[in-house]
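Read-outs throughout are calculated quantities, based only on the coordinates presented, and are distinct from any laboratory measurement. All of these numbers come straight from a predicted model, not from anything done at the bench. In this analysis, Cβ positions are derived from the backbone assuming ideal geometry, glycine residues included, and neighbour counts consider all displayed protein chains.
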Amino acid sequence: MAQMTMIQAITDALRTELKNDENVLVFGEDVGNNGGVFRATEGLQKEFGEERVFDTPLAESGIGGLAIGLALEGYRPVPEIQFFGFVFEVMDSVNGQMARMRYRSGGKYSSPITIRSPFGGGVHTPELHADSLEGLMAQQPGLKVVIPSTPTDAKGLLISAIRDNDPVIFLEHMKLYRSFREDVPEEEYTIEIGKADVKREGSDLTIVTYGAMVHESLKAADQLEKDGHSVEVIDLRTIQPIDIETIIKSVEKTNRAIVVQEAQKQAGIAASVVAEINDRAILSLEAPVLRVAAADTVFPFSQAESVWLPNAKDVVATAKKVLEF
Amino acid sequence: MASKKKTPFDAVKVLEQIEEKFEMFQILNEEGKVVNEDAMPDLSDEQLQELMSRMVYTRILDQRSISLNRQGRLGFYAPTAGQEASQIASHYALEKEDWVVPGYRDVPQIIWHGLPLAQAFLFSRGHFKGNKSPEGVNVLPPQIIIGAQYVQTAGIALGLKKRGKEAVAITYTGDGGSSQGDFYEGINFAGSYNAPAIFVVQNNQFAISTPRDKQTKGKTIAQKAVSAGIPGILVDGMDPLAVYAATKDARDRAVAGEGPSLIETLCYRYGPHTMAGDDPTRYRTDDMDTEWEKKDPLVRFRKFLEEKDLWNEEKENEVIEKAKEEIKAAIKEADDTPKQKVTDLMEIMYEEMPYNLNEQYEIYKEKESK
């Protein structure tokens, strides 16, 4: 075990897979000599050489196309999109091309590509850096979408993503990059994509969440416990496909649920989680399934973001509505 | 109004100097006469005959495809007549191990690269088996998003370079495609990595209905290569020998480690954009059609070969008969292919079906068993 931040765990995962598989290539804007704007690729070019870890011209669509083409020659590309708000420049390559490569080639080709990208609010970025755009990706058949909330999960999930034979969007919440350290196994390990983690067991209410909101939800659960409510918190970890089994099992036990996401109410995946619960467990429910989400505006200019972003207080308030229904 | 102010530089002159360098490269003129003996490619008599055969075959394929489409026996089809030199002669300069990354009109090239004709018809009919090229045939399905193939080609070419393979990736778009951001990103990435790619722009004068002049102020599209720091050449796209020579040169340089090239072929599509309702009389005149038909690649190449006693009516008829027979057999094969099912598509969305598809699979299996 070693104490690692999430960013260190990510570097560790990249190093592990660069070592394990010579087809793994890491590239993007400033990922080479500079080690990435967040230092996620720190030291990797020096260790593995410019053939394996390299800078690209500043053009996201080109990066996406490069990844697709390299995959066709048998490589396992791990491109970085410097900030996920820049994904609009590469939407065709991601949603129009790599997501359907297997399908449109009748199963002959695939896109074993992992797109890493920082996102998430609370760190006072300029526009189009912090937006929670995971819902756009989750709605695209052919993609998988992973959002870790801890260093340990980040390492195991990133290794799984790189080994996956389908394209995986791996979103790294900027606020979690260096907000805490924890013991992370130094050896290689994987965490299965599509499997949620029950962060805390409880019997009165299920909170389904992911990303930075896992930590707000855990804080809220502590608060609710003081008020006499036993709360279960599920960290989805993968938001496409979601771990429906774990959610339903929990809801059948607690009979009450809320879904917490940082994205706007009209975005993200909360609505679809609510729909899945209604489809599969409506008779177990003692109350409607409510959502905690941000307002349906674009991500605000940074001075307003602390109010705009959902927090533990919002989670407690919504949880109480459901608990007291 | 030109500015009277004296400046220490003349940016306009630099542009003019660059633009006038991009003259059209031609070997065979409209009459089938060699006008550029020095540039004659090193092709044997048999190879010249083979090139002609392929162009004749492709013209017949186009004619038959159009009539099959009108009979309702083919679906999506983008006519190719007029572009045989651009398509077939550029492809003829390639090797089996090269990658061909086509736009939607570039079905002939992937057929000559090894996609069975029956599969081309299945593609047209909207059957996924048409897109699954045989193992060892390095082609992608025809690209629908204009320009997307350019950035992918840069990636394939970088992969070929990293693997140390003596091969290239070639891609095709039209004059309209050269306006896309992906066009520049593709040539620029390939240039930046010195990757063995060949980017072809078949400038057939119209992007559906929008004329070439509305795409760019540039005098040529070939000159856009300069912006990426790669060689570019403007070729008579109705001249199979010029197209072949330019592509062969680009390929030779690419496999020698000298990086990518851009080739603009000046050509014309005689037919509509696609068979789905486009009416070229809305944007082209009869005079224009007639002018371009005089430049026809088959006509001039036939004259050239007949002069050398390498071609005659009998040979041409043999090719036409062969094409017709193979088309007939391929249509039969396409007819005999079992209908595709939604469950087939579910199986190839991911390597393994996620829970939602798994559940829906059962529903569609039931639906499709009736």
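Listed values, structure above:
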item	result
Neighbourhood charge, 12 Å Cβ-Cβ cut-off, centred on B:Ala148 and excluding it, Lys, Arg +1 and Asp, Glu -1	-1
Highest-MSF residue in chain B out of B:Gln109, B:Gln215, B:Gln87 [GNM, Cα springs under 10 Å]	B:Gln215
Two-site FRET efficiency, A:Glu186 against B:Arg163, from Cβ-Cβ distance with R₀ of 35 Å, rounded to 0.05	0.60
For a label point 7 Å along the Cα-to-beta-carbon line of A:Phe301, residues of region A:92-134 with backbone N under 14 Å	A:125-128
Where labels lie 7 Å past Cα in the beta-carbon direction, separation of B:Glu313 and A:Gln266 in nm	7.0 nm
Distance violations [Cα-Cα > 24 Å] among B:Lys33/B:Lys248; B:Lys96/B:Lys294; B:Lys96/B:Lys328; A:Lys19/A:Lys46; A:Lys199/A:Lys313	B:Lys96/B:Lys294; B:Lys96/B:Lys328
Within the protein assembly as shown, helix-based [θ] at 222 nm, where runs of 4 or more DSSP H residues each add -39,500 (n - 2.57), nearest 500	-12000 deg cm²/dmol
For region A:112-137 versus region A:59-106, the gap between their alpha-carbon centres in whole angstrom	16 Å
Region B:345-352 - phi-based ³J(HN,Hα) in whole Hz, Karplus 6.51/-1.76/1.60, Gly and Pro as x	5, 4, 5, 10, 6, 9, 4, 10
Residues with amide H under 5 Å from that of A:His173, placed H, sequence gap 5 or more	A:Phe119
Among B:Asn29, B:Val14, B:Pro41 the positive-end extreme of the charge dipole of region B:1-66 (Cβ point charges)	B:Val14
Amide H contacts of A:Thr238 (H built 1.01 Å from N, under 5 Å, at least 5 apart or other chain)	A:Ile147, A:Gly194, A:Lys195
Sorted by Cβ density within 10 Å, fewest first, the residues A:Phe54, A:Phe299	A:Phe54, A:Phe299
Under-5 Å amide H pairs with A:Ala257, H placed in peptide plane, nonlocal only	A:Thr206, A:Leu290
Proxy reagent accessibility, fewest Cβ within 10 Å first, across A:Phe180, B:Phe301	A:Phe180, B:Phe301
Gaussian network model of chain B, Cα within-10 Å springs - most flexible of B:Ser192, B:Ser67, B:Ser44	B:Ser44
Principal-axis tilt of helix A:270-281 within chain A, Cα atoms, nearest 10 degrees	60 degrees
Mean separation of Cα contacts under 8 Å (6+ apart) over length of chain A, as relative contact order %	16 percent
Phi to ³J(HN,Hα) by Karplus 6.51 cos²θ - 1.76 cosθ + 1.60 over region B:126-138, Hz, x for Gly, Pro	x, 10, 4, 5, x, 8, 8, 5, x, 4, x, 9, 7
Hz values of 3J(HN,Hα) by residue in region B:85-94 - Karplus curve (6.51, -1.76, 1.60), Gly and Pro given as x	5, 4, 7, 7, 6, 5, 5, 5, 7, 8
For A:Phe86, B:Phe183, B:Phe189, order by how many other beta-carbon atoms lie within 10 Å, fewest first	A:Phe86, B:Phe183, B:Phe189
Gaussian network model of chain A, springs between alpha carbon atoms under 10 Å - residue of A:Met137, A:Met101, A:Met174 with greatest fluctuation	A:Met101
